[in-house]
Structures are given as structure tokens and as C-alpha cells.
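Here the structure is laid out as C-alpha cells; the discussion comes afterwards.
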Amino acid sequence: MTEARRILVIRLGAFGDFAQSFPAFAAIRAHHRGARITLLTTRPFVDLARASPWFDEVWSDGRPPWRRVGEVLRLARRLRGGRFDRVYDLQTSRRSSLYRLAVGRAAEWSGIARGASHRHDTPTRQSVSTVPRQQEQLRIAGIADVPAPDLGWLTEGAAALDLPERFCLLIPGASARWPEKRWPVEGFAALASALAIPCVVVGGPAEAPLAAAIKAAAPATLDWCGDRSPPAILAALAHRSAFAVGNDTGPTHLVSVVGCPTLALFGARSDPARHAPPGPAVKVLAVPMLESLPAAEVLAALAAFLPREAVAAALPAGAGTL
């Protein structure tokens, strides 16, 4: 067919997966420079996507409940009316594959849907992490170059934030469905009280009690949970931060993508080979049970991971002996 002029990209969530799709978003934009590119996503990611240089339009209604027939039909009509020439389904779920019926079979389709013109059906696709999996998907669709994207747009507002000159990020939350993915808040509190720089705790409204517990142990701690740390602000915080320590959760993935040195804590629930944060400065501390991980071991991992000057400024003498 002729060069695609109307492109649809589908990426509904979740938080960490969305951040790991930044290289794919940028590669699609670079490959289709003159095209109008629409992102179909969900409400939490709209502001972040609109702030990026990759999309001309962002739709937030990408995951209506199936029981709400009216909303499903409205999305189907919208997809049909988009008259897209090509679709990059980066969600690659059963739901997103069904959207091919609404878009129309005339559009080229990159994904796992039956009958897709550029079907990603490699047997090993589920055994690799998001970034290399999407690189392979895009190669099949004719996009060979998927470099690390320029994320300067994410950090433009960092200088305006009212923050200490030096601080670290703590990310104590994780999915409520998997409590075993959380290092106990007592560990984060002990870590915060031992560090030589203040900590900024980030997360959603559910993490506010965790921030309060950490602040009780380390009064210099700042609480940026809830509405204070949407994705764009979290990225700016990460840009200013000396380093971050977090569980296997979406915000940890986002701060790593920005380039913040990130120590990610993994228990037995997640496989770091598939789910480690994708940033350029990441260390994974994997243990069988996070609930028994001592703060001293986290301090020792930071001391071994961070540049010497960062260790001297942020960690106590003899880090790891807490």
C-alpha cells in the first residue's frame, strides 16, 4: 500500500509497561515523520502522552468495561471513523486484538491479532521483557532502528520544583494484589533514617500511610504521594534525584527510564530477567523473601552500585553496617 498517513498506536497500561514503551513510541514517530499518529490509551497516561513529542492526538477511552455496551460501541465507531492506514498494537492483549475488527481489516496491523499483516507470532515473544519484545515486533513491521529515546521533554519542569538540593526517591508501594512484591515499610523507614540526604516518597494515594510511617522515622522525609506525583512530575523528580530505591512497580520503571540511578527490590513473585526496570542505570537486588530483607543489605547494595562521590554524599560511613 502507499505510505501510511494515519497511524494508530495502542498502549493501554499499566504504568511500568507504558514507560517501557517509550523507545517504541519514539521509533514509530521517527519512522512515520509525516503521518498523523493517534495514541489509544487510558486516562492515567493522557497528560504524559500529550506532553511527549510522539503523538498528534491522544484518546483516553481505550479500555471501556465490556458491560458498558454504549461506551464499547462509541469506541468501536471512533476506531472505524479514524480510517487508520496502519496500527501498532503494543498492548498485544486479547482486548486490543479485538479492536482490529472495529478498525477494519484494510488497515495494516502490527501485533498478535489473527490475520494481521505484520503478525508478531515468534514463539519466544513471551519469554523476553517488554523492550526487546517490542523491538522485535517493530522489526517485523519494518522499523529496524529502535534506539533509546530523547527524554528531555520529560524533565523540562524539574528546575521549578521546590526540593532540596540533594535528595533520593523512595517508592514503597506496589500492586495491592501482590503484597509479596513490597519491601516492608519498616525497611524503607530504617533506610531513610540512615541516609545522609532527605528522601522524597512517591506513589499514589494508597501510599500516603507508608510515607507517614517513613517520615515518623526520618523527619526530613517529604511526602509527594497522591496527586503530587502524576507521571510527568514523577519524571521531573527522578531527573533531580540522586538515586531511587523502589519495589517492582510502575513508578520504579518510570524513574529508571528517565535515567535516575535506580535500585529495584525484587522478591520471588517477579523474575528480574523479564521484569527489571529498563533504564540505563539500574541495579536489581533480588532476594527470596522481601519481608526478611534487612536495611543493611540495601545500604550495602547502594554503596556498591552508586558512583563514589554519590556514596560519600548520601550514605553513612560504613554503609551496610546498619
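The values are calculated or read from the model by the stated rules, or taken from the named source; none is laboratory data. Keep in mind the model is a prediction, meaning the values are calculated, not measured. FYI the Cβ positions are ideal-geometry reconstructions off the backbone, even for glycines, and counts take in every protein chain you see.
Could you list all residues from the range 26-38 that are closer than 18 Å to ASP85 by Cβ and part of a helix (DSSP H, G or I)? Correct list: ALA27, ILE28, ARG29, ALA30, HIS31.
Can you find a residue that is surrounded by fewer than 14 Cβ atoms within 10 Å (Cβ to Cβ) and under 18 Å from ALA19 (Cα atoms) anywhere in the range 277-286?
Taking the range 277-286 as the starting set, the residues that turn out to be surrounded by fewer than 14 Cβ atoms within 10 Å (Cβ to Cβ) are 280.
Applying the additional criterion that residues be under 18 Å from ALA19 (Cα atoms) yields 280.
Yes, some residue in the range 277-286 is surrounded by fewer than 14 Cβ atoms within 10 Å (Cβ to Cβ) and under 18 Å from ALA19 (Cα atoms).
Residue-by-condition table, conditions (1) over 30 Å from ARG119 (Cβ atoms); (2) touching a residue at least 40 places away in the same chain (Cβ under 8 Å); (3) touching a strand residue (DSSP E or B) at 6+ places or on another chain (Cβ under 7 Å); (4) assigned by TED's automatic domain parsing to the domain that holds VAL258:
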residue	(1), (2), (3), (4)
LEU161	yes, yes, no, yes
ALA189	yes, no, no, yes
ALA192	yes, no, yes, yes
ALA208	yes, no, yes, yes
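Each residue in the range 62-77 was checked for being surrounded by fewer than 16 Cβ atoms within 10 Å (Cβ to Cβ) and either within 26 Å of ALA19 (Cβ to Cβ) or of a type in the set (Asp, Glu) (or both), and 2 of them qualify. Restricting to the range 117-128, count the residues that are crowded, with 16+ Cβ neighbours inside 10 Å and in contact with a helix residue (DSSP H, G or I) (Cβ under 7 Å, 6 or more places away or on another chain). Qualifying residue count for the region: 2. When SER129, SER93, SER110, SER117 are screened for being under 25 Å from PRO280 (Cα atoms) and either touching a strand residue (DSSP E or B) at 6+ places or on another chain (Cβ under 6 Å) or in the same structural domain as ALA76 (by TED's automatic domain parsing) (or both), only SER129 passes.
Just name the residue that is nearest to PRO132 (Cα to Cα) out of those in the range 78-116 that are buried (at least 17 other Cβ atoms within 10 Å of the Cβ) and among the aliphatic types (A, V, I, L, M). Across the range 78-116, the extreme among qualifying residues is LEU90. Filtered by the rule that a residue be free of Cβ contacts under 8 Å to residues at least 40 places away in the same chain and within 21 Å of GLU136 (Cα to Cα), the range 96-106 gives SER97, ARG100. All of ARG105, ARG133, ARG100 fail the test of being within 23 Å of the chain's Cα centre (by Cα) and either more than 21 Å from PRO230 (Cα to Cα) or hydrophobic (A, V, I, L, M, F, W, C) (or both), apart from ARG133. The strands (runs of 3 or more DSSP E) located wholly in the range 54-114 that include 2 or more residues which are small (Gly, Ala, Ser) and farther than 15 Å from THR42 by Cα occupy 108-111. Listed by first and then second residue, the pairs with beta-carbon distance under 6 Å, at least 6 apart or on different chains, first residue in the range 137-151 and outside the structural domain of ARG86 (by TED's automatic domain parsing) and within 26 Å of ALA113 (Cα to Cα), second among the hydrophobic types (A, V, I, L, M, F, W, C) and surrounded by fewer than 20 Cβ atoms within 10 Å (Cβ to Cβ), form an empty list. If you go through the range 278-294 one residue at a time, do you hit one that is modelled with pLDDT under 90, under 21 Å from SER127 (Cα atoms) and assigned by TED's automatic domain parsing to the domain that holds VAL202? Yes, the conditions are met somewhere in the range 278-294. Within the range 17-25, not a single residue is free of Cβ contacts under 8 Å to residues at least 40 places away in the same chain and either of a type in the set (Lys, Arg) or surrounded by fewer than 24 Cβ atoms within 10 Å (Cβ to Cβ) (or both). Apart from one condition, VAL46 fits all of (1) surrounded by fewer than 15 Cβ atoms within 10 Å (Cβ to Cβ); (2) not in a loop (DSSP other than H, G, I, E, B); the exception is (1). Here GLY16 fulfils each of the conditions (1) within 13 Å of PHE84 (Cβ to Cβ); (2) touching a His at 6+ places or on another chain (Cβ under 8 Å); (3) among the small types (Gly, Ala, Ser) apart from (1).
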